[in-house]
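Worksheet: the structure to be examined is printed underneath.
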Amino acid sequence: MENSQIATVFAEIADILEILGEQDNAFRIRSYRNAARTIDALPDRLADLVAGGKDPADLPGIGTSLAGKIHEILRTGTCGKLKELRRQLPGHLPELLQVKGIGPQTCKRLHDKLGIKSLKDLKGAAERGKISAILGEKAQQSILKGLATLEAVSGRISIEKATVAVAALGRHLQAIATIRRWEAAGSCRRRCETIGDLDILVDASDRAKAANDILHYAPIERILARGDEKVSVVLAGGLQVDFRFVKPDAYGAALMYFTGSKAHNIRLRKRAQAAGFKLSEYGLFKGEKRVASRSEKDIHKALTLPWIPPELREDRGEVDAAAAGQLPALIERKDLRGDLHTHTNATDGASTIEQMVAAARERGYQYLAITDHSKSVTVAHGLDEKALRKHVGRIRKAGEGLKRFWLLAGVEVDILRDGRLDIDTALLADLDWVVGSVHSVFEMPEDKMTERLLRAVESGVLDCIGHPFSRLLGQRGPLRFDVDRVFKACAQAGVCLEINAQPDRLDLPDVYCKRARQMGVTLVISSDSHKATGLDLIDYGVGVARRGWLEKKDVLNTRSAAEFRRYKKVSR
Ligand code: DGT
Ligand code: CA
Ligand code: CA
Ligand code: ZN
């Protein structure tokens, strides 16, 4: 169980209490919120700490009552209090909080004044112009916009949430004796940005028994279907899981089919047909004879293709590339030698410089850049010149004593609305690594935004553009700018583009990775971690890079510290 899952339970309790408007609960609401924040920011997994004998009540702001709930959540995945509160709340009100700009109080007003009980109600009211009378025209427009971005991912969850859900479910499946083998297929295996539902393949020696044991998984809230081929359930929180039973001798064929994507399957089936085969979830057939089915490799081989990695299976030219022997040798997590975008407790991070370094070394890295926020990002306590100079002094001092490890003193500097940078150029020029990012004024005419980014790229002091589209999945659309011009300027100026691995960013998006590489831009995969354990989020960035056809050589932070130093000398 991850800290974020525990924090989510407390945050939802606070949301519901606040929507219910129980004034005398103000103190309790605050303590649930604080607990959620504390737990979310913990550098270590609370589950591990508790397993190691730590009492959650020792954490700041967590008393015995909350500690008891933490134990309950760790044991059962949820908490009785939350279930009870959910029963008290009419309709699906907390789902309104997913809309950017709607907090619990707005939510309550929308309910009290307009009888809104769900997202659907909200949308209807906003479209009929009913909201402006209560909240004003500006709020109505912003709600309509928030709804539109939400719809783009509606009913879908982040790849991180899906990965965590698969890991938790996996621990349950692992313990079922009749299950010989299982695997997550579908969009999860292709490492898509967001996941609609989970598709789990199961090879069981006794299907009825296995189905029975699967259905004992505590987070299951509803059973949609139960048959000999398939069991479908909905977990608490709304995630659907389809389990499909497959025979071991057709495992590869089923894995291939249910991995998809649908467009890829169709493309591959056409190729099989052209060669006189029939391809289905049961195998590759010539007439009545099954020629391959046990493993994906067998099937690909019979079609005279190399094995195609799941991340490429989107019908973006991968079948032709495979046939021509031109599949990329995709980058892997173990190729990474360092992380070039991280935060510490000097701004909005939770860990110290030393804790970040230790975590980087544990992961086998040879270098790490500390890039805290600059002054414009006031919510993150961004640093002004004076504070940054002091911080850089501390970073350099911490780096001096380190053997075979390069600690880079850097910054994530704000790109202001006119393209100027938020920190004095002379100071930036003195740093080891400068990430430039847009954190405000996301709405601009396209040509103005292009000029803004070009000016930053051509400043001569940036090493990398952070989260280049500054989108937040489900919350904020991408910046609009002339992609070709900005990418070309990056290639010319030797400024890298970041693949930011934060699960709600995944920015650059996969299709732009391919384009950036073709235009000669160097890419960097960064965790943008705000705590020591957050370095592992970089995995989601590797997923994006693989979906973007990137190889080890395309990504700067696969280079050794020595090679990276040489790159730095020639690039600036
Ligand atoms: P999702 O769940 O929306 O994130 O995306 P997927 O790709 O996991 O889609 P899902 O769960 O509907 O189906 C899983 C896989 O099953 C899909 O990637 C390909 C395969 N599949 C589903 N329906 C069809 C179909 O009508 N034709 C073919 N060829 N394959 C299908
Ligand atoms: Ca799926
Ligand atoms: Ca499915
Ligand atoms: Zn940022």
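Given a Förster distance of 22 angstrom, what is the FRET efficiency for Lys54 paired with Ala167, based on the Cβ-Cβ distance and rounded to 0.05?
0.50
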Phi angles of the range 161-176, converted by Karplus (6.51 cos²θ - 1.76 cosθ + 1.60, θ = phi - 60°) into ³J(HN,Hα) in whole Hz with x for Gly and Pro, give 4, 5, 5, 5, 5, 5, 5, 5, 4, x, 5, 6, 5, 4, 8, 8
The long-range amide H neighbours of Lys230, using H built 1.01 Å from N in the peptide plane and a cut-off of under 5 Å, are Phe245
If amide H atoms are modeled at 1.01 Å from N in the peptide plane, then the residues at a separation of 5 or more from Gly260, or on another chain, having amide H under 5 Å from its own are Gly186
Cysteines of the chain without any disulfide-compatible partner (other Cys Cβ under 4.7 Å) are Cys79, Cys107, Cys188, Cys192, Cys490, Cys513
For Lys120, counting only aspartates and glutamates whose alpha-carbon sits under 14 Å away and dropping same-chain residues fewer than eight positions off, the answer is Glu95, Glu151
With 0.36 nm assigned to each residue of separation and the Cα-Cα distance removed, Lys569 to Glu400 gains 58.9 nm
Kirkwood Rh over alpha-carbon pairs of the range 111-162 plugged into Stokes-Einstein at 25 °C, 0.890 mPa s gives a D in µm²/s of 205
One would report the Cα pair-distance distribution of the range 333-571, bin width 5 Å, in %, as 1, 7, 15, 21, 22, 18, 11, 4, 1, 0
Summing -39500 (n - 2.57) over every DSSP H run of at least 4 residues in the chain and dividing by its residue count gives a helix-only mean residue ellipticity at 222 nm, to the nearest 500 deg cm²/dmol, of -13000 deg cm²/dmol
Share of accessible surface on carbon and sulfur in the chain, whole %, 1.4 Å probe and ligands ignored, is 49
Ratio for the range 415-501, C-alpha Rg to 2.2 N^0.38 Å, reads 1.02
Looking only at lysines whose Cα falls under 17 Å of Lys83's and that sit 8 or more positions away or on another chain, we get Lys69
Between Arg75 and Glu443, the FRET efficiency computed from the C-beta separation at R0 = 56 Å comes out, to the nearest 0.05, as 0.75
Note on the range 250-323: contact order normalised by length, alpha-carbon pairs under 8 Å, 6 or more apart, percent, works out to 34
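Excluding ligands, DNA and RNA, what is the solvent-accessible area per residue of the chain at a probe of 1.4 Å, expressed in Å²? Write out the running numbers ahead of the final one.
Details: 25810 Å² over 572 residues.
For the chain, the per-residue accessible area is 45 Å².
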From the cross-link list Lys230/Lys297; Lys117/Lys230; Lys138/Lys448; Lys100/Lys531; Lys375/Lys448; Lys108/Lys531, the entries with a Cα-Cα span beyond 27 Å are Lys117/Lys230; Lys108/Lys531
Under Stokes-Einstein, the range 264-329 at 10 °C and 1.306 mPa s, with its Kirkwood radius over C-alpha pairs, diffuses with a coefficient in µm²/s of 132
In whole Hz, the Karplus estimates of ³J(HN,Hα) for the range 455-468 (6.51, -1.76, 1.60; θ = phi - 60°; x where Gly or Pro) are 4, 5, 4, 8, 5, x, 10, 8, 9, 7, 8, x, 4, x
Shape call for the range 1-60, from the Cα gyration tensor axes a ≥ b ≥ c (a/c under 1.5 means rounded, otherwise prolate when a/b beats b/c, else oblate), comes out prolate
For the range 101-110, in residue order, the Karplus 3J(HN,Hα) values (coefficients 6.51, -1.76, 1.60; θ = phi - 60°; whole Hz; Gly and Pro = x) are x, 9, x, x, 6, 4, 4, 5, 4, 4
One would report the antiparallel percent of DSSP beta bridges in the chain, rounded to the nearest 5, as 45
Under 5 Å from the placed amide H of Ser440, counting only residues 5+ away or on other chains, we find none
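Using only C-alpha positions, report the orientation-averaged shadow area of the convex hull of the range 157-245, nm², one decimal. Present the calculation step by step, with values, prior to reporting the outcome.
On the way: hull surface 19.7 nm².
Answer in nm², one decimal: 4.9.
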Once the mean of 1/r over all distinct C-alpha pairs in the chain is inverted, the Kirkwood radius in Å reads 26.0
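The values are calculated or read from the model by the stated rules, or taken from the named source; none is laboratory data. Just so we're clear, the structure is a prediction, and the values are computed from it rather than from any experiment. Don't worry about glycine lacking a Cβ; one is built from the backbone with ideal geometry, like all the others, and counts go over all protein chains shown. Surface accessibility is based on the protein's heavy atoms, side chains included, excluding ligands, DNA and RNA. Shrake-Rupley method; radii C 1.70, N 1.55, O 1.52, S 1.80 Å.
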